[in-house]
Amino acid sequence: MPAPQCASCHAARAALRRPRSGQALCGACFCAAFEAEVLHTVLAGRLLPPGAVVAVGASGGKDSTVLAHVLRELAPRLGVSLRLVAVDEGIGGYRDAALAAVRRQAARWDLPLTVVAYADLFGGWTMDAVARSTAGSGRSRACCTFCGVLRRRALEEGARLVGATHIVTGHNADDMAETVLMNFLRGDAGRLARGGGLGSRGEGGALPRCRPLQLASQKEVVLYAHFRRLDYFSEECVYAPEAFRGHARHLLKLLEAARPSAALDLVHSAERLALAPAARPPPPGACSRCGALASRALCQACALLDGLQRGRPRLAIGKGRGGRDEEGSSGATPASQ
Ligand code: SF4
């Protein structure tokens, strides 16, 4: 049976059905609709004001590749300028190849690229060294949690280095839904309370962060990359199989099989969630060492580095006094971002 006509231009044959709406579109109309939806997300959420210098967290994976490409298309209309900031976590056999993809993108799109490395920022600690240090303590499953904390700090440092006023990351609706599920499964009311919205306004002196793809499904991100013929790195990080996020991802797939809108429904649920006063986390303070937002004396990154130096890696995951200090500890951010 021939493919139906595109429901938008009525000229070309449809090349796909949009996963959520079922609308049949040709590749060009789908990409135009995808870009228009991201533009609407940014404008309606007032995420990036005109004149913003935007650091795009670039990993070489599909999400950050699509984000950088779409924002580059939209930059003239938004009146923003872009910088790519990549983080080298020091993961042998993985990150070098991913960074090579980021370098190709920067050259192809003529965007400035800065790479910041854990080893330089964190006293010689690479993610491989952290993994070795934590393996004997029964914490190997927490590699991604450690990494998420350090990556958030590294991205902030890189963004400041390039003079950025805002940070954007490539989290899509599926990533956010997984995070909501993980927070529920951990009973982490603090992170559930702050999990909604499209980003953070930059409390405690941090740069404002946002996620322009948060309402886009993973399937559509992949479709966009396909139709725009984007070159990205698709291998999984060597530590990803250990991550708790994998269980949430599996659960989300099961939910989506029964209810295709499950991911977006979870994202919107988190936005509307209201905590009882007794369950609300106390207001955060400042880390006594670096000044970053912290719910204890030290922020998560300083506490982690402190523990590593002492040979006793530790990290409060989840249920502390609200856990407002490091988003990374809400679980592994997908490596492909
Ligand atoms: Fe870091 Fe992501 Fe690898 Fe986990 S999967 S160790 S968060 S790069």
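Would you calculate a helix-derived [θ] at 222 nm for the chain, using -39,500 (n - 2.57) for each DSSP H run of n ≥ 4 and dividing by the full residue count, to the nearest 500? Helix contribution divided over all residues of the chain: -13500 deg cm²/dmol.
Sorting 109, 125 on the 10 Å Cβ count, fewest up front, what's the list? Provide the component values of the computation, followed by the final result.
Numbers: 109 13, 125 20.
The order, fewest Cβ neighbours first, is 109, 125.
Label positions at residue 203 and residue 81, each projected 7 Å from the Cα along the C-beta direction, are separated by 3.2 nm. Ordered by the number of other Cβ atoms lying within 10 Å of each residue's own Cβ, fewest first, 53, 168, 80, 149 fall into the sequence 53, 80, 149, 168.
Membrane-span-like helices in the chain, defined purely by DSSP H runs whose alpha carbon atoms cover 18 Å or more axially and whose average Kyte-Doolittle hydropathy reaches -1.0, are 27-44, 62-78, 95-109, 143-161, 173-186, 245-258.
Please report, in debye to the nearest 20, how large the charge dipole of the range 35-275 is about its Cα centre when each Lys and Arg carries +1 at its beta carbon and each Asp and Glu carries -1 there. Let's see the in-between values first.
Numbers: 30 positive and 25 negative charges, 54 e Å.
Rounded to the nearest 20 debye, it is 260 debye.
Between the residues 55, 115, 290, the greatest Cα displacement towards the positive end of the dipole of the chain, with unit charges on the Cβ of Lys, Arg, Asp and Glu, is found for 290. Between residue 73 and residue 265, the contour length at 0.36 nm per residue exceeds the Cα-Cα span by 66.3 nm. Taking 0.36 nm per residue of separation and subtracting the current Cα-Cα distance, fully stretching the chain between residue 257 and residue 234 would add 5.9 nm.
Length gain on complete extension for the stretch residue 109 to residue 40, per 0.36 nm per residue less the alpha carbon to alpha carbon distance?
On the way: separation 69, 0.36 × 69 = 24.84 nm, distance 2.31 nm.
My answer for the length gained is 22.5 nm.
Between the range 211-259 and the range 137-186, how far is it from one alpha carbon centroid to the other, in angstrom? So the separation of the two Cα centres works out to 15 Å. Positive-end ranking of 129, 222, 154 along the dipole of the range 35-275, with charges on Cβ about the Cα centre, is headed by 154.
Simple spin-label model, 7 Å along Cα-to-Cβ: residue 120 to residue 297 in nm? Each label point is offset 7 Å from its Cα along the Cβ direction, giving 3.2 nm. Cβ crowding within 10 Å, taken as a proxy for footprinting-reagent exposure, orders 146, 233 from fewest neighbours to most as 233, 146.
Rule-based calculations on the coordinates, nothing more; no lab input. None of these values were measured; they are calculated from a predicted model. Heads up, the Cβs are rebuilt from the backbone with ideal geometry, glycines too, and the neighbour counts pull from every protein chain shown.
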